[in-house]
Amino acid sequence: MRLYVPLTLPGLAEAHKAGQLGPAPVRAYAVTPALREWYVSDDIEELEYAALGRAALASLRMLAADPAAPRRRVVVALDVDDKAVTAVPGLDEATLGQVTLAAPVRLAAAAAVHVDAEDAEGDVAAAAAALEAADAGDDDARFTVDGAEDHELLWFGIQEIPGLLA
């Protein structure tokens, strides 16, 4: 099963230093039955892209909680055995597509790292600042949060992590 683990750049630095994503439980996003029901598609690539988007939103929430972190969303993609994953039940905004891993995962086992380009920082910063108001139903704030989603996350190999952190 392909998982998407939301992080920030400081979180990626910690994982790189430790050599693993953790501690357990590790929160991630995947193509779950609830995500399939919400997205209404049978195309696995579209569904995985939706799971990646859910992880990117979770990364944005992490940025909102850490004002010192660079304003770039980070998502680590990895493959694990289906039996290692527990889906978080529910169809609400916070848990849609969310899963947990009961044990840390070696970072070397990751397939890729997805990170915002530097030119997305302004929109990501504005989105992080608008999250609370968007959650409360403010349409203008929701528009600002959606603006961060207009930026595609870039793909990096695991061996490129030191360059991302430099």
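Taking the conditions exactly as written (surrounded by 12 or more Cβ atoms within 10 Å (Cβ to Cβ), within 11 Å of the chain's Cα centre (by Cα) and either modelled with pLDDT of 95 or more or farther than 25 Å from GLY19 by Cβ (or both)), does LEU35 satisfy them or not?
no
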Practice item. Would you mind stating whether ALA18 is over 17 Å from PHE156 (Cβ atoms) and either modelled with pLDDT of 95 or more or loosely packed, with under 15 Cβ neighbours inside 10 Å (or both)? Key: yes
Review point. Taking segment 113-153 on its own, how many of its residues are hydrophobic (A, V, I, L, M, F, W, C), loosely packed, with under 15 Cβ neighbours inside 10 Å and within 20 Å of LEU52 (Cβ to Cβ)?
Key: 1
Review point. Across segment 68-91, what is the total count of residues that are loosely packed, with under 15 Cβ neighbours inside 10 Å and at pLDDT below 95?
Key: 8
Point to revise | Matching residues, segment 92-112, being modelled with pLDDT under 90, under 23 Å from TYR39 (Cα atoms), surrounded by 12 or more Cβ atoms within 10 Å (Cβ to Cβ) and in contact with a Leu (Cβ under 9 Å, 6 or more places away or on another chain) | key: LEU96
Check your understanding: Does segment 110-120 contain at least one residue that is over 15 Å from ALA64 (Cα atoms) and in contact with a Gly (Cβ under 8 Å, 6 or more places away or on another chain)?
Key -> yes
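The values are calculated or read from the model by the stated rules, or taken from the named source; none is laboratory data. Values in this document were obtained by computation on a predicted structure and should not be read as measured data. Ideal geometry is used to build each Cβ from the backbone, glycine not excepted, and the neighbour counts take in all protein chains shown.
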